1. With the cut-off at 32 Å, tell me which of the pairs K101/K127; K62/K208; K127/K197; K90/K208 have Cα atoms farther apart than that.
2. Residue farthest toward the positive end of the dipole of the chain, with Cβ of Lys/Arg at +1 and Asp/Glu at -1: which of I8, V180, I40?
3. How large is ³J(HN,Hα) for each residue in region 42-56, as worked out from phi by the Karplus curve 6.51 cos²θ - 1.76 cosθ + 1.60 (θ = phi - 60°), to whole Hz, x for Gly and Pro?
4. Given just the C-alpha atoms of region 113-189, how large is their convex hull per residue in cubic angstrom?
5. Mind checking the per residue accessible area of the chain for me, 1.4 Å probe, whole number of Å²?
6. Which of the peptides 15-28, 145-158 is most tightly packed, and how do the rest follow, going by the mean number of other Cβ atoms within 10 Å of each residue?
7. How about K206: which aspartates and glutamates have a C-alpha closer than 12 Å to its C-alpha, ignoring those fewer than 8 places off in the same chain?
8. Just want the answer: with Cβ charges of +1 for Lys and Arg and -1 for Asp and Glu, which residue in S140, A80, N129 is farthest toward the dipole's positive end in region 74-181?
Amino acid sequence: MRDSIKRIAQQFIVSHYPESEIVWIGGSAVYGNLTTESDIDLIIIDETETPRLECYHFLGWKIEAFIYTALSLEFEFQTARYRGMPTIIKMCAEGLLIEDKQGNGEEFQREARILYEQGPQLWDEDKINEARYKITDFLSDFRSSEDFEESLFILNKLIDTLTELILRADGNWVGVGKWVARNLKSYDIDMCDKLVKYTRKYMITKDKTELISFIQSTLDNYGGELFVGYKEFFL
């Protein structure tokens, strides 16, 4: 399967980005865990193109093309470290290099591996307090909500923000979608299991007690709820 994906990717590059200098295949195609919904992720360095994400159908496959110049890829690396979202860094670090016209692809890959191992920028006290404040606000709304539909949307934001705090406060990557769950599980499987357990119980019984208690006790590890005295300055 990997060789066939490589051939499809190479045909796509010849057809759509013949001026590209460096190309990696990333994502599920590299790890060998393709599903019926999988696409082919390509990171493309092409100095003739405007940096962007563009999606295609090609030879029966969905293709996500992440297009950069060398300069914009370096900027993406640094932005990713600030935001804690390693998607492109991880794909460059672990991806399959299928085109390297100038011989710079391996250098980018080495840099990506180093940055991925270093992790994102560590959150300072201001960022931790910002998350504590948001969680306090969401938790207050969740406690008082008597509308199950509204509670689901509040809980979604609550879990996202709590998970981000847990991971970023200790210098771990966050990710998007399934990668949030995977990164939390990798960091603290017991905490992840408890979060899932109490959330599942709430979904079935609509009893918030244990879930709220778990969120509060987890937040206590970072200073607890925060409202009075919190300041956020506007630009």
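The values are calculated or read from the model by the stated rules, or taken from the named source; none is laboratory data. None of these values were measured; they are calculated from a predicted model. Heads up, the Cβs are rebuilt from the backbone with ideal geometry, glycines too, and the neighbour counts pull from every protein chain shown. These area figures cover heavy atoms from the full protein model, side chains too; ligands, DNA and RNA do not enter into them. Shrake-Rupley method; radii C 1.70, N 1.55, O 1.52, S 1.80 Å.
1. Violating the 32 Å limit, Cα to Cα: K101/K127; K62/K208; K90/K208.
2. Sorting the options by dipole projection puts first V180.
3. 10, 9, 10, 9, 9, 6, 8, 10, 8, x, 5, 9, 9, 10, 9
4. Dividing the Cα hull volume of region 113-189 by its residues yields 92 Å³.
5. Values: 13370 Å² over 235 residues.
Ligands and nucleic acids excluded, the result is 57 Å² per residue.
6. In decreasing order of mean packing, 15-28, 145-158 become 15-28, 145-158.
7. E146, D147, E149
8. In region 74-181, that residue is A80.
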